[in-house]
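The structure appears below as structure tokens.
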């Protein structure tokens, strides 16, 4: 297996600047490279500890991974053992068993889903289905779903088709990554998992996260309550540069094969730096093959952002949606400002309630899972 060219470039650059004890943050300017040091002990953990702030522009530059991704640069660096230098096989061997907590492969029709499950069918409080956004995976929910099952809930968190450890069919051969196909595949999966309606639904993120919301609008009888973590909800919601660039011919093909794309996106929307062991998991699917990148590329090309956001904004407004809805919103989100959540709440104040998650960014379930659990327990 050969390393993707972006990762080669990253490794070559990182081996000259990274050390084992620190991750140097580098910001490119037109005339020079400006260096500042981020101590490794400031990386975020699962609990609310000391965090380091980020102040860079959240726009996504596909070439920026060479200079501004601390977790990736410190993870893919010149190791003590020269034999491992640049060896993709060694990197995959180190990470291939990571990130599969509570998970197993489930066959649904012709597709195989990777689904995390905690609790049991006998759980007294009901079933929660957690839906992730792009370009991440259900790994982000591992702590939240574990604690929610301890509170008496039965929890499922699937990797969408094309993401994480689920199947990634080549477009045109069994799956074309359209909203309709995602909805149909999700319906079949719920049947296989024997999820009884109505159930609790938690949704977060872009693209496939938005499809989780449009699925709920088309299946209101199957949803008892819905909790929405940071997701585009109004027609004024900005679209991150990553998804715009994926839609540019040829440029998108290059961008989607950036092996550290997912972790960069997470760090770009968060106030924190990912710990290396977490970054390893988000990187693994993109490092293993080109399939996840091309699935993301196809999904980004197929979505109509304007129509989807209009559908969500109108569908959840007063008179159209009467299910209890919680907005658990990380206020440090660099992609979606708090004003998006406030605007959404005003469209249906009787049924939509906003709870701000201080200290959390675009993935509050990753940034501060304990606060998300507290909000979900109070709501569900």
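What the table below lists for this structure:
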item	result
Rounded Å value of the spacing that divides the Cα centres of segment 102-144 and segment 226-261	23
Relative packing of peptides 118-129, 271-282 - highest average C-beta neighbours within 10 Å first	271-282, 118-129
Inter-label distance for residue 101 and residue 377, nm, one decimal - labels placed 7 Å from Cα along Cα-to-Cβ	1.7
Label point at residue 124 placed 7 Å out along Cα→Cβ; residues across segment 365-380 whose backbone nitrogen lies under 18 Å	377-380
Mean Cβ count within 10 Å, highest first, over the residues of peptides 103-112, 204-213, 218-227	204-213, 218-227, 103-112
Value of Rg to Rh for segment 240-380 (Rh from inverse mean 1/r over Cα pairs, i.e. Kirkwood)	1.01
Approximate spin-label separation residue 110-residue 304, in nm, with each point projected 7 Å along Cα-to-Cβ	2.6
At 0.692 mPa s and 37 °C, Stokes diffusion of segment 115-249 via Kirkwood alpha-carbon radius, µm² per second	211
More than 16 angstrom apart: percent of Cα pairs within segment 269-324	67
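Read-outs throughout are calculated quantities, based only on the coordinates presented, and are distinct from any laboratory measurement. Since the structure is predicted, the reported quantities are computational estimates derived from the model, not experimental observations. Cβ sites come from the backbone with ideal geometry, for glycine too, and all protein chains shown count toward neighbours.
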